[in-house]
Amino acid sequence: MEKKRTYNNKQVEKKWQERWLKGKIYSPNLSVPDKKFYNLYMFPYPSAEGLHAGHAFSSTGSDVYGRFQRMVGWNVFQPIGYDSFGIHSENYAIKVGETPQTMLKRTTNHYERQFKSLGHGYDWTRTVTTSDVDYYRWTQWLFVEMFKSDLAYRKKVEVNFCPSCKTVLADEQVMTPAQAMKEPKNFDGSPVAEPDNARICERCGTVVEKRDLEQWLFRITDYADRLLANLAKIDWPAKIKLAQKNWIGRKEGIEIKYPILNSQFSIAVWTSRPDTNFGATFIVISPEHPDALKLTNSDHRKEIEDYIKVSKNISKYQRIAEGREKTGAFTGSYAVNQLNGYKMPIFIADFVLMDVGTGAVVGVPGHDIRDFQFARKFKIEIKRVVIGTDGDESEIAEEAQVQEEEGKMVNSEFLNGLDIHRATVKMMDYLEDRGWGKRTTSYHLRDWLISRQRYWGPPIPMIYCEFCAKREISYFTKHKPLITNHHDDWSSFGWFPEENLPVELPVIQDYKPEGTGRGPLANHPEFYRTKCPHCGGEARRETDVSDTFLDSSWYFLRYPSVGLDVSHSESSDLRTSWPDRSLSSALQRHQTQITNHQSLPWSQEVTRNWLPVDLYFGGAEHSVLHLMYARFVTMVLKDLGYLSFEEPFPTFYAHGLLIKDGAKMSKSRGNVINPDHYIEKFGADALRLYLMFLGPMDAKSDFRDSGIEGMRKFLNRLWETFVNLPRTKHESVEVLSKLHKTVKKLTKDISEFKYNTSIAAIMELVNSIRNAGRVSGATLNVLALLVAPFAPHLAEEVWVEVLNKKYSVHKATWPSYDEKYLSTDSVLVAVQVNGKLRGQVAVKLDKAADESYVVALAKSDQKISNWLAKGKIKKQIYVPSKILNFVI
RNA sequence: GCCGGGGUGGCGGAAUCGGUAUACGCGCAGGACUUAAAAUCCUGUGGUCGAAUAGACCUUAUGGGUUCGAGUCCCAUCCCCGGCACCA
């Protein structure tokens, strides 16, 4: 009797992990551009001691795909790194009472050990850590390029400020409690007034405040149209594209100027619905509107001033909260609707926001719910100018009668009878012809706020010289902007980029934020004191650091070039990749410099061969943050001539969320899963299989401890199958057929990320083999390959040790669907179900048998009887459809 | 409110083109092995009625429709999840 070998998962997994690393199995030669597959997993930010189960879930999903691609013949490059700069890591360092440097040294080691213990096929010779000076000098370089392109500028802006994190947040980082999945809390501990409408810090859940601060911004809005248009070209989940589309929020409209009665002034409003303008009966402007007081009559001054004062103390988010009673105050002046001479009273009301449109709204109460509510309250005339689909022509007295969507124009002179969409176009033409309005497009997207008043980030590499500022000298005095030319809409005087990068982040002890509106570096003269690059006089470095999302906006460009000495010139010519449109001379000079080059953050050759990313695998929570910023940065780099493509991730797959026992994992629930525990107890293969078996990759998956036991059992049975099941030369028909089907199913399912059904199919196959009680070596070969993406350690062990192969299973070729098992007969059968004739089935066996049976639709049993009588049906048998394929 | 995606056993979830609904796994029940337990293996397992491993009826959120045939297609209703939202 053969001696039973039992499966020691711990020993096997450790052995192969070491061998893979030593043999550099997963470190491809990137100078081979053929059949390249850049498989990218969204790198984690270290804000805890190590990985949580969500990382294990999503990274395994990415790894399975990478391993599969490798087996079907692609040269797969699968890197990993750490998004270690930024607020998440800094907050964690503060929490554990360490410097970020100390904390990261420990935790990134832990992350690395965990990633390795999961058995992922990462290229450990090419990793990226965004807080390494080798990396962030290039993040700073990117900032400088932005500045030189005139895409970076300073502006005093009303910013979101988190009093707990003591920093400014981008709009995208401010969320509702539901979005952030956090309980809202006030900084001072007081109860949150309207928790559902609160806007909180994405990171800590504190209700954000509004502050006016001078900040650096990137002109992402200049790229709004391109970001929108390109969505059609990329293969991303529809919901992510939709989120980006909504976030960009492009709307065609028109800016209309209304003269003010008895005054030389006019008021500009923006509207997307000029068609209803004959029904306009009032104007509302925002309390922050610069002309608010100018438009106010002396006898209304007191009232208006009081109103503005009160509205200042209400947060923006409360102001626009739905269902809130309208408030407002009359300025005493009127604007004239030149279409019909109507005198429209001008009000100030807080529901109008200064940063939307022109900060002024024309009120059409008959056809806008919000305007209707306002008109009701202030007893303003309500005119009907549209008859909706309900045909109602009566006076509009109820909110339900307010028709916003569809209809035909009435009471609108030259528009009468037109459908509202055609009327809109006609009205725009009319207004433009007379010079009363101008078509403009409005966007929801705002410029990207880059500055952070924090310590743990790349110092913004800019220098401010007061002396030069006074003399109105700046970088742009000598240099032309490379891309756009906005520098005259902000004062760039005194600002110069640091050419000698990196600007190193000093190691300081007092790195915690103070909430003063300035970063901790502002307390360190040894950092900020410097010389002006222009006049050589005393100057001051910028002490803000850049947003974390700048670090992660380009990391995928870095990976393939890690370890290459790219600071020497590569004689490659980028000219072919230059944009066709006419270039400014400044940009042309710049591109000549690139070609001749100087240093770059990446090798041009490797980048040309390996980018863009072939599959980007990550979470949907970055829909409008990282995924938008990375696209923007890539477009800019393309325009500057550094890259030949403008979409970094042509294919993106968004994985779902991992929950535990039906609830979201959280520390307060005490249901956070540490993958280490499960790897220790069940092994990495069991954990991988279980995580992938839970459910569809893109849905919420529910982790239950009892389930993983089953996977361990399955792995043992699998091992038994390889080692102890009696061998045979002739495989049974059942097993062959099943094997056949499984190969086919997996090939399709894995490429569509249907991992759970893939694993189920493998289990079925194994059950079928074990029921047969014997197995052929050929079948085992195929089985090992099928299992390999999911349970790489076990697959490797049986491949090399049991099946005596000389090379790694991951270098083996994925099995193909072999047609030779198929018969060439063809029969036409009638199917009986439960003794009743249920239809005629033509079963063709000449080609792929198990997919090509065709159900011929018989209109009735009578018809089948007829067919039978006429001999059209050659054979009538009872066929349980489950075994239909075998009967064939 | 608008725009997406869903609703299938005790649970996670399967089901190409409309063709025996509930694959695979968990759980549960019974059995084998064992002094016993664990582990392992075998059998059963949608519901109701039924002594039944006889048989019948019902069953994919609810109600209707198309079809020889509907989880799947169409209409209506209810519920859940995600995105957007006084955006002019």
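Points worth noting:
- Residue selected from the range A:440-470 under the condition of a type in the set (D, E, K, R) and within 16 Å of RNA strand B (Cβ to nearest atom), by the criterion least open to solvent (accessible area, probe 1.4 Å): A:D447
- Filtered residues of the range A:787-808 (kept if more than 14 Å from RNA strand B (Cβ to nearest atom) and either without any contact (Cβ under 8 Å) to a residue 60 or more places away in the chain or more than 21 Å from A:K24 (Cα to Cα) (or both)): A:A795, A:W799, A:V800, A:E801, A:V802, A:L803, A:N804, A:K805, A:K806, A:Y807
- Candidate set: the range A:698-722, residues that are more than 8 Å from RNA strand B (Cβ to nearest atom) and at pLDDT 85 or above; chosen: the one farthest from A:A795 (Cα to Cα): A:I708
- Filtered by the rule that a residue be aliphatic (A, V, I, L, M) and part of a loop (DSSP other than H, G, I, E, B), the range A:247-305 gives A:L261, A:A280, A:A292, A:L293, A:L295.
- Filter result (open to solvent by less than 40 Å² (accessible area, probe 1.4 Å) and over 31 Å from the mean Cα position of the chain (by Cα)) within the range A:537-567: A:G537, A:A539
So that you can scan it fast, the table gives a plain yes or no per residue for (1) closer than 28 Å to A:I483 by Cα; (2) open to solvent by less than 40 Å² (accessible area, probe 1.4 Å); (3) under 23 Å from the mean Cα position of the chain (by Cα); (4) away from RNA strand B (no atom under 16 Å from the Cβ):
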position	(1), (2), (3), (4)
A:E183	no, no, no, no
A:G189	no, no, no, yes
A:I200	no, yes, yes, no
A:R203	no, no, yes, no
A:L213	yes, yes, no, yes
A:R226	yes, no, yes, yes
A:P237	no, yes, yes, no
A:E255	yes, no, no, no
A:I267	no, yes, no, no
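- Considering the conditions (1) modelled with pLDDT of 90 or more; (2) buried (at least 17 other Cβ atoms within 10 Å of the Cβ), A:Y807 is excluded by exactly one of them, (2).
- Within the range A:337-348, restricting attention to residues that are surrounded by 16 or more Cβ atoms within 10 Å (Cβ to Cβ) and not aromatic (F, W, Y), the residue that is farthest from A:Y307 (Cα to Cα) is A:L339.
- On inspection, A:P345 does not qualify as within 26 Å of A:G279 (Cβ to Cβ), modelled with pLDDT of 85 or more and within 12 Å of RNA strand B (Cβ to nearest atom).
- Checking A:T779 against (1) surrounded by 22 or more Cβ atoms within 10 Å (Cβ to Cβ); (2) at pLDDT 90 or above, the condition it does not meet: (2)
- The range A:690-714, residues that are open to solvent by less than 10 Å² (accessible area, probe 1.4 Å) and assigned to a helix (DSSP H, G or I): A:L691, A:M692, A:I708, A:M711, A:F714
- Within the range A:22-53, being of a type in the set (K, R) and within 22 Å of A:Y65 (Cβ to Cβ) holds for A:K24, A:K35, A:K36.
- Subset of the range A:111-135 (residues that are open to solvent by 10 Å² or more (accessible area, probe 1.4 Å), farther than 19 Å from A:S58 by Cα and not in a loop (DSSP other than H, G, I, E, B)): A:T129, A:V133, A:D134
- For the range A:165-180, the criterion of a residue being modelled with pLDDT under 90, assigned to a loop (DSSP other than H, G, I, E, B) and in contact with a strand residue (DSSP E or B) (Cβ under 7 Å, 6 or more places away or on another chain) is satisfied by at least one position.
- Qualifying residue in the range A:501-521 (condition: under 30 Å from A:S599 (Cα atoms), polar (S, T, N, Q) and in contact (Cβ under 8 Å) with a residue 60 or more places away in the chain): no
- Qualifying residue in the range A:746-757 (condition: assigned to a helix (DSSP H, G or I), in contact (Cβ under 8 Å) with a residue 24 or more places away in the chain and within 11 Å of RNA strand B (Cβ to nearest atom)): yes
- Matching residues, the range A:491-520, being crowded, with 16+ Cβ neighbours inside 10 Å and closer than 18 Å to A:C465 by Cβ: A:S492, A:F493, A:G494, A:W495, A:F496, A:P497, A:E498, A:V503
- Whichever residue in the range A:758-775 is open to solvent by 10 Å² or more (accessible area, probe 1.4 Å), more than 8 Å from RNA strand B (Cβ to nearest atom) and touching a residue at least 40 places away in the same chain (Cβ under 8 Å) and, among such residues, is nearest to A:T728 (Cα to Cα): A:R774
The values are calculated or read from the model by the stated rules, or taken from the named source; none is laboratory data. Since the model is a prediction, treat every value here as computed from it, not as a measurement. Cβ atoms come from the backbone with ideal geometry, glycine included; neighbour counts cover every protein chain shown. Just the protein is used for accessible areas: all its heavy atoms, side chains included, with ligands, DNA and RNA removed. Shrake-Rupley method; radii C 1.70, N 1.55, O 1.52, S 1.80 Å.
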